[in-house]
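Read through the structure below, which is laid out as structure tokens, and then see the notes.
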Amino acid sequence: MKTSQLFLHSRLRLAVWYTLVMGVILSISGLGIYRSLVQSNWQAIEREIESIAGTLHDSLEPMLPPSENPTTVLKRILPELCLVGQPCNSNPSLIERHTTGISDRNTYYLRLFDYQGKLLAFSPNQPNNLSKSLNSEPWQTFTSNGIRYHQFTIILHSSHTHDLAVNSSWGYLQLGRTLQPFDAEVKRIQVILMFGFPLVLGLVILSSWWLSGLAMQPIYQSYQQQKQFTANAAHELRSPLASLLATIEAILRISPSQPQDLNKMLHTLERQGRRLSNLVTDLLLLTSLEAKSSSDEFQSCCLNDLVSDLIEEFSELATIKDIDLIEYIPDEKIYVSGDESQLYRLVSNLIANAIQYTPSGGQIMVSLKTKENTALIIMQDTGIGIPKEVQKRIFERFYRVDSTRNRKTGGTGLGLAIAQAIAHHHQGCITVKSQLGTGSLFKIYLPSQTTTTEKK
Ligand code: ADP
């Protein structure tokens, strides 16, 4: 599979997984919200019925007649109710008075039963086909003419119940209501969910595709960098290997009567071999630095000693090139926690570069300071400088501003990449400021340890 196809395929798979996971989460939460909305509406309805029934019950009970045939008295206290077997009227009702402000008059109906469950009276708006005998279940839901109803039955006691020998209750009050508004609300929620879910899912698909693209980006970039690195490494290894092989071939062809030529060629061979070995060592160091994340082997390193040792080491080279190598190291000892050999490599790479890219007669100043728990090593030279547009790229592996010149001078293009990897490994960083033809300023920032003052 081609790389681009592989990445596209991975992105697609990631997007599908995102969509699936988000879809499941959305469905579960949508279902949860739907259930809780329906449940709370239902509970509100039951609470409302219960409260109206309770009020009616409390108002009715003291007025209930003692007689076994109470229809005449009922007609007096509830004139709006239809008595079984008699014509109805529609005066403002007790139930209307109790339900005013809660619901419209047609929402509720009322039925009264005697203690044997025989229907005595009912509201004129009660649903058709309702049974005339009592179903004593407290809560009932049923459908009549395609409309759902919910009703509540409550026992009525009268102050005269002790007269009724057979049963302790006077009768039953049944209050019901239509579920039309509730069903309409449920339908409305269902419609919202039905249209809203595909819409949200569409948005989830789009955002999943975008997010998977974002997630793939660093992987793709790292893959491209790795590819570039492999190509560069192969290219860098090929040149010294080719010249090594050419030298060996020439040695094999040389006649034994020319030992001085043989000696010269063996020196060339050694130089090329060393260059190759340095390159491989640098590559291995870079790889191991990137793989390492622990700072277990770190110890306290004195930067004052480290910098002055390196200045001493490079002073001969600077003198040969007629460069003024100046150091400014404070009396105050500055310590960092780190790997000493790596820190040597970090600073020496920068000093070596400064010497390499500063023409004769130039000046290099290496100074050391500390600023708010940060140790600062500054390398300022009056060298050739680095063009602004490539200043960010000089830390890339194998990058050289002028590749032809650097190959001749022996640079591999890994020096700054290694320096930066070491700085990062020590939780530090390197910055560069440079002006073409004027010089460069490199700063190494490292987290410092507590310092002690010591006179030289
Ligand atoms: P090299 O082995 O080529 O020196 P580096 O990674 O050390 O590789 O540096 C990368 C490039 O940055 C160099 O090729 C050089 O062009 C530029 N460079 C680094 N240091 C300096 C400096 N002090 N002055 C000018 N150019 C520099």
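Summary table
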| read-out | value |
| --- | --- |
| Number of the condition not met by Cys301 [criteria: (1) surrounded by 14 or more Cβ atoms within 10 Å (Cβ to Cβ); (2) in a helix (DSSP H, G or I)] | (2) |
| The stretch 380-390: number of residues that are touching a strand residue (DSSP E or B) at 6+ places or on another chain (Cβ under 9 Å) and away from the ligand (no atom under 12 Å from the Cβ) | 1 |
| Cβ pairs under 9 Å, 6+ apart, first in the stretch 255-267 and in contact (Cβ under 8 Å) with a residue 12 or more places away in the chain, second open to solvent by less than 80 Å² (accessible area, probe 1.4 Å) | Met265/Thr247; Met265/Ile248; Met265/Ala250; Met265/Ile251; Met265/Ile254; Leu266/Thr247; Leu266/Ile251 |
| Ser222 being under 30 Å from Val21 (Cα atoms) and not assigned by TED's automatic domain parsing to the domain that holds Phe398 | yes |
| Looking only at the stretch 359-373, and only at residues there that are among the β-branched types (Val, Ile, Thr) and modelled with pLDDT of 95 or more, the one that is surrounded by the most Cβ atoms within 10 Å (Cβ to Cβ) | Ile364 |
| Failed item, numbered, when Arg35 is tested on (1) farther than 30 Å from Pro181 by Cβ; (2) surrounded by fewer than 16 Cβ atoms within 10 Å (Cβ to Cβ) | (1) |
| Cβ pairs under 7 Å, 6+ apart, first in the stretch 412-425 and without any contact (Cβ under 8 Å) to a residue 60 or more places away in the chain and in a helix (DSSP H, G or I), second more than 6 Å from the ligand (Cβ to nearest atom) and of a type in the set (Phe, Trp, Tyr) | Gln420/Phe395 |
| Count of the stretch 356-405 residues which are of a type in the set (A, V, I, L, M) and in contact with a helix residue (DSSP H, G or I) (Cβ under 8 Å, 6 or more places away or on another chain) | 9 |
| The stretch 3-25, subset open to solvent by less than 50 Å² (accessible area, probe 1.4 Å) and within 26 Å of the chain's Cα centre (by Cα), residue farthest from Tyr108 (Cα to Cα) | Phe7 |
| Subset of the stretch 391-402 that is under 19 Å from Gly437 (Cα atoms) and within 8 Å of the ligand (Cβ to nearest atom) - its residue that is modelled with the lowest pLDDT | Asp402 |
| Number of the condition not met by Val347 [criteria: (1) within 9 Å of the ligand (Cβ to nearest atom); (2) open to solvent by less than 50 Å² (accessible area, probe 1.4 Å); (3) of a type outside the set (S, T, N, Q)] | (1) |
| Matching entry among Asn278, Asn232 (being open to solvent by 60 Å² or more (accessible area, probe 1.4 Å), assigned to a helix (DSSP H, G or I) and either in contact with a Gly (Cβ under 6 Å, 6 or more places away or on another chain) or of a type outside the set (Gly, Ala, Ser) (or both)) | Asn278 |
| Residue tally, condition more than 16 Å from the ligand (Cβ to nearest atom), closer than 17 Å to His424 by Cα and β-branched (Val, Ile, Thr), over the stretch 350-379 | 1 |
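The values are calculated or read from the model by the stated rules, or taken from the named source; none is laboratory data. Here the structure is a predicted model, which means the values were calculated and not measured. Here the Cβ is made from the backbone with ideal geometry for all residues, glycine too, and neighbour counts use every protein chain on show. The area values use the complete protein model at the heavy-atom level, side chains included, leaving out ligands, DNA and RNA. Shrake-Rupley method; radii C 1.70, N 1.55, O 1.52, S 1.80 Å.
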